[in-house]
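Please read the structure below before turning to the comments.
The values are calculated or read from the model by the stated rules, or taken from the named source; none is laboratory data. Everything numeric here is computed off the predicted structure, so don't read it as measured data. FYI the Cβ positions are ideal-geometry reconstructions off the backbone, even for glycines, and counts take in every protein chain you see.
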Amino acid sequence: MTTGFRRYLLRRLGFAVLLVFVVSSASLLLARLAPSDDAFAADRAVIAAERHRLGFDKPLAAQYAEWLTRSVRFDFGESLRFRRPVAALIRERAGRTALLGVTALMLATIVGIPLGVFTGSRSSGPVPSVVHSASVVVLSIPSLVMSLVLLLFAARTGWFPAGGLPSIPADAGIVGSIGAIARYLFLPAVALALPMAAALERLQSRAIQEALADPCILAALARGVPRPRIVWRHAFRLALKTVLAIYGIMIGTALSGSFVVEIVMSWHGLGDLMYQALQARDLYLVAGCAAAGSCGLALGILTSDLALAAADPRVEELG
Amino acid sequence: MIAGTTRAGIVAVSLITIVSAAAPVLGPYEPSRQFADLAFAPPMVPHVLDDEGRWQRPFVYPLHLVDRLEHRFAEDRSTRVALQWFTARRLITTPNAAGPWLLFGADALGRDVFSRVLHGARMSLGVALLATVLALGLGALAGAVAGFAGGAWDTVLMRVSDFLLVLPVIYVVLVLRAAMPLVLTTSQVFWIMTAVLGVAGWPFPAKGVRAVVAVERRKEYAEAAHALGAGRLRILLCHLLPASRSFLTVQGTLLLPAFILAEATLSYVGFGFAEPVPSWGVMLHEAADVATLADAPWLLAPAAAIVACVLSLHLLSARSVPSRGPGQTTSIESAT
């Protein structure tokens, strides 16, 4: 490991930590700004006691400082709405969002990248232009619309469950429970994955086109390297950097999209929890969700940074 | 040379603009008007041939309720409701005494979905358009300051925008919106949503404008303007910012669809417009229930409108995609 690479890694790690810190603090402060903290108990003494127990009687700075010191020890306070520790709630929900997001990203990659290489390496012909137009259309169908349409599809055909995730029976066995989860996961994952697949296809296609114009490709052609090998090995490696760079942004897209998909398809994940927390003005839960979400985001960005460094060692010079 | 797809995009965008501007004339009814006994009525196709096979002026057969519980309707073939043209300051409508013409069916309260989609365009597209203008303005300002002043301003502004760019846009918008009071009047909601979206969107144009300004300010014409005694503000506004015009146009066509969607999402989850305001997000919220959706798929009409808008804007911007600078690739596209 060179010093340059170590410095690059450290800088990206620092960014990740900063991301989590700023995002969770900002959401706590913004949620605190909201002009109410719901305490609907009739008795004034009860209200005062409850406010004291939750730390709402302190000034903003003191409340923030206390939250900060506790959250370093992974104690994110108690949810007002669910009357349970925030950390436990998040543990329950984060796994589902991660499952949905990772499945959708993999699906989008499996569909989008090969199609992009295909359309990028062929300038004409009916099939590439069909794929091209299809992805422009799909790119215009946001996850909100896609999940509503898929919900209609599920309700009409009954082939797939229309949202939700049931409790898996204990005696289902590994194969049985994976099957059950996959059945429920399929539609939300497709709704989330399709716009991303289209975006990846367009990006990969453009990147391959640019890569094929590179002089080294001409040199390889002159050496007699067969065309499929040029496209899938040489040009693909050249285009890899552009495509990998977008994955850092894609993680954010997956999170954004999963918010809508989770709510429409009642996939009770982190986005749905954040929504309920914002609606109930549940301060600590908002901050906890933001912290968990930004951790996922930071992890995704770090992974994409590492992949980028592996694909092109020159990044360490750029920082 | 304008490509065919771009031309299609221009035509579609102009059509959408005209339609939403003329919504009160084009919509057959008031968006809030409820038709008794027509809740969840299906779309009504206009006819020109009657049952005897004779040509008639366009007309519809009125619907009547067959089963109130299951929302089943039947056409009343014995009477014809002729469509009235250019009456009561509307392009097409039906007489008050006769039944309505529901091109896209009716919603849960028996309101005309077609009229509501048209009126919703004004709300949804109005917010998105104003927010885009605001985001471009803020972005151009931030980018111009960063590129022109350089130094600490440049570092701070660009670091902040880099930071904001990786965040999922919808969460930024949600948290900003949730920090405001929940119950507001419609016009307050309109302006708050515009402000929130504009504030969330500025980093996207800012980076590109900064790059343009930083390059252009070293060019001869900028130095010539300086030598001729032009002030810094004048150089910035009259000479440097016009150079980023084409970039800003492209960014606008990318931000607009993102904001149309953001408005729909916010209203859908209840942080935007609320009933009875006709906005696409509010209308989609009514279609959210699986049972309702299966019975009345025409409630997805606003979803089709969203896709039509986003698609025509994509077609419009498709031509300029290759000319975008490196590092600007599809960040907004994927943010939607």
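What do you reckon, is A:R91 assigned to a helix (DSSP H, G or I), more than 14 Å from the chain's Cα centre (by Cα), free of Cβ contacts under 8 Å to residues at least 60 places away in the same chain and under 26 Å from A:L270 (Cα atoms)?
Against the criterion (assigned to a helix (DSSP H, G or I), more than 14 Å from the chain's Cα centre (by Cα), free of Cβ contacts under 8 Å to residues at least 60 places away in the same chain and under 26 Å from A:L270 (Cα atoms)), A:R91 qualifies.
Output the qualifying pairs, or none if there are none: Cβ atoms under 7 angstrom, residues six or more apart or on different chains, first residue in segment B:63-89 and modelled with pLDDT of 75 or more, second residue acidic (D, E) and assigned to a strand (DSSP E or B).
Between residues of segment B:63-89 that are modelled with pLDDT of 75 or more and residues that are acidic (D, E) and assigned to a strand (DSSP E or B), the close pairs are B:L63/B:E75.
Among the residues of segment B:187-216, how many are surrounded by fewer than 19 Cβ atoms within 10 Å (Cβ to Cβ), in contact (Cβ under 8 Å) with a residue 60 or more places away in the chain and within 17 Å of the chain's Cα centre (by Cα)?
1
Can you tell me which residues in segment B:261-319 are within 15 Å of the chain's Cα centre (by Cα), polar (S, T, N, Q) and in a helix (DSSP H, G or I)?
B:T265, B:S267, B:S312
Mind listing whichever residues of segment B:145-184 are of a type in the set (S, T, N, Q) and over 30 Å from the mean Cα position of the chain (by Cα)?
If the condition is that a residue be of a type in the set (S, T, N, Q) and over 30 Å from the mean Cα position of the chain (by Cα), then B:T155 is the only one that fits.
Just to be sure, is B:P257 out of contact with any Phe, Trp or Tyr (no Cβ under 6 Å at 6 or more places or on another chain), within 20 Å of B:Y171 (Cβ to Cβ), at pLDDT 85 or above and surrounded by 24 or more Cβ atoms within 10 Å (Cβ to Cβ)?
Details: out of contact with any Phe, Trp or Tyr (no Cβ under 6 Å at 6 or more places or on another chain): yes; within 20 Å of B:Y171 (Cβ to Cβ): yes; at pLDDT 85 or above: yes; surrounded by 24 or more Cβ atoms within 10 Å (Cβ to Cβ): yes.
When the stated conditions are applied, B:P257 passes them.
All but one of (1) buried (at least 17 other Cβ atoms within 10 Å of the Cβ); (2) modelled with pLDDT of 75 or more hold for A:L18; which doesn't?
Unmet for A:L18, out of (1) buried (at least 17 other Cβ atoms within 10 Å of the Cβ); (2) modelled with pLDDT of 75 or more: (1).
Restricting the first residue to segment A:178-192 and requiring it to be in a helix (DSSP H, G or I), which pairs with a second residue that is β-branched (V, I, T) meet a Cβ separation below 8 Å and a spacing of at least six or different chains?
A:A180/A:I168; A:I181/A:I168; A:L185/A:T103; A:P188/A:V261; A:A189/A:T103; A:A191/A:V261; A:A191/A:V264; A:L192/A:V261
Determine, yes or no, whether A:L273 is under 21 Å from B:V175 (Cβ atoms) and in contact with a Leu (Cβ under 9 Å, 6 or more places away or on another chain).
Answer is yes for this residue.
If you go through segment A:295-305 one residue at a time, do you hit one that is more than 9 Å from chain B (Cβ to nearest Cβ), assigned to a loop (DSSP other than H, G, I, E, B) and of a type in the set (V, I, T)?
No, segment A:295-305 contains no residue that is more than 9 Å from chain B (Cβ to nearest Cβ), assigned to a loop (DSSP other than H, G, I, E, B) and of a type in the set (V, I, T).
Which of the residues belonging to segment B:127-175 are within 14 Å of chain A (Cβ to nearest Cβ), buried (at least 18 other Cβ atoms within 10 Å of the Cβ) and assigned to a helix (DSSP H, G or I)?
B:A128, B:M158, B:S161, B:L165, B:V166, B:V169, B:I170, B:Y171, B:V172, B:V173, B:L174, B:V175
Check off (1) more than 11 Å from chain A (Cβ to nearest Cβ); (2) under 16 Å from B:L130 (Cβ atoms) for B:E275 and give me the number that stays unchecked.
With (1) more than 11 Å from chain A (Cβ to nearest Cβ); (2) under 16 Å from B:L130 (Cβ atoms) applied to B:E275, the lone miss is (2).
Only one of A:W232, A:W267 is outside any helix (DSSP H, G or I) and aromatic (F, W, Y); which?
A:W267
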